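Student: This structure is in structure tokens; I'll ask about it shortly.
Coordinate-derived values only; no laboratory data. This one's a predicted model, so the numbers in the text were calculated from it and none came from an experiment. We place every Cβ from the backbone using ideal geometry, glycine too, and count neighbours over all the protein chains shown.
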């Protein structure tokens, strides 16, 4: 059981380049999230999704776009990367429905450096 | 979602109980208290959650005050591996929108 898988785990970009981070979960979870974590800081919510085909903005959405075309995948895109987007990105998911604990399941993180 | 307030850092001796406080004075009736921890640069890990009763599992105990405005996470016999950042968040059990993490408490277990 893979849980939440993020790809790639490491990436170096030049300013202005674009890229997409993929989050995949195999637990049939409804809700998925993208967070970023800067050195010495807590996690900040970028975007989230409460189901296939839905997305919503979090605390720090500017400069990012997301898509949830399939229930198991949540993509985070950077159209024109900036040095301020250098960070570690975490994806998380959680199920809806009865009997859940409300636990968030996190991926291992994707470390992005923008030069 | 209710905001939480935690001390930025704490120290505890190995083998002793670590008590981590969290203030959530604006918590509403349908919001649960959740605790997570993040070891080094790994993804956060769920520890425990509760509504108004005290809870215990194999990892920790959660004590919630009667007015629900604050809580304490207790690690009964802290080990070096418990050194981590601990996050307290509150969220409604129904729905899962905008789960917001604060700065957390950096707990250091000393030998």
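Student: Using a 10 Å cut-off around each Cβ of peptide B:49-56, what is the average number of partner chain Cβ atoms that fall inside?
Tutor: Numbers: counts 3, 0, 0, 0, 0, 0, 0, 0.
Mean partner shielding for this stretch: 0.
Student: Need one value for A:30-42: mean number of C-beta atoms belonging to other chains within 10 Å of its residues' C-beta atoms. The partial results should precede the final answer.
Tutor: Details: counts 1, 4, 1, 4, 0, 5, 0, 6, 0, 1, 3, 3, 10.
Per residue, the number of nearby Cβ atoms from other chains is 3 on average.
Student: Given points 7 Å out from each Cα along the Cα-Cβ axis, report the residue A:57 to residue B:108 separation in nanometres with one decimal.
Tutor: Here the modelled spin labels are 3.9 nm apart.
Student: Hey, another quick one. Between residue B:42 and residue A:26, with labels modelled 7 Å along Cα→Cβ, what's the label distance in nm to one decimal, could you check?
Tutor: 2.0
Student: Among DSSP beta bridges lying fully in the range A:38-115, give the percent that are antiparallel, nearest 5.
Tutor: On the way: 10 of 10 bridges.
Bridges in the range A:38-115 are about 100 percent antiparallel.
Student: Hey, can you rank A:71-82, A:54-65 by average C-beta count inside 10 Å, highest first? Walk me through the numbers before you get to the answer.
Tutor: Details: A:71-82: 17.1, A:54-65: 14.7.
Answer by packing, highest mean first, reads A:71-82, A:54-65.
Student: Any chance you could check the Cα centroid distance between the range A:49-107 and the range A:1-34 for me, in angstrom?
Tutor: Using only Cα atoms, the two centres lie 8 Å from each other.
Student: Also, I was wondering about something else. By count of other Cβ within 10 Å, fewest leading, how are B:12, A:91 ordered?
Tutor: On the way: B:12 18, A:91 27.
Taking fewest neighbouring Cβ atoms as first place, the list is B:12, A:91.
Student: Further question: How many partner chain Cβ atoms sit within 10 Å of a residue's Cβ in peptide B:101-110, on average, as a whole number? Each step should come with its number before you reach the end.
Tutor: Values: counts 9, 2, 4, 3, 0, 1, 0, 0, 0, 0.
What the average comes to for B:101-110 is 2.
Student: For the range B:35-111, calculate the relative contact order in percent as a whole number, restricting contacts to Cα pairs under 8 Å that are 6 or more residues apart.
Tutor: Details: 122 pairs, mean separation 19.9, N = 77.
It comes to 26 percent, rounded to a whole number.
Student: Students often check this: by mean Cβ neighbours within 10 Å, which of B:35-47, B:17-29 ranks highest, and how do the rest follow? Intermediate values should be presented prior to the final figure.
Tutor: Values: B:35-47: 18.7, B:17-29: 16.8.
Descending mean neighbour count gives B:35-47, B:17-29.
Student: Give me the percent of DSSP beta bridges within the protein assembly as shown that run antiparallel, rounded to the nearest 5. Each step should come with its number before you reach the end.
Tutor: Details: 62 of 71 bridges.
Given both bridge residues lie in the protein assembly as shown, the antiparallel proportion sits at roughly 85 percent.
Student: Over chain A, what is the relative contact order in whole percent, taking alpha-carbon pairs under 8 Å and six or more residues apart? Each step should come with its number before you reach the end.
Tutor: Details: 301 pairs, mean separation 40.8, N = 115.
After rounding, I find 35 percent.
Student: Then there is this: Please compute the contact order of the range A:1-50 in relative form: average sequence separation of alpha-carbon pairs under 8 Å and at least six residues apart, divided by the residue count, as a percent. Intermediate results must be reported in sequence, preceding the final value.
Tutor: Working: 50 pairs, mean separation 15.6, N = 50.
Computed over the range A:1-50, the figure is 31 percent.
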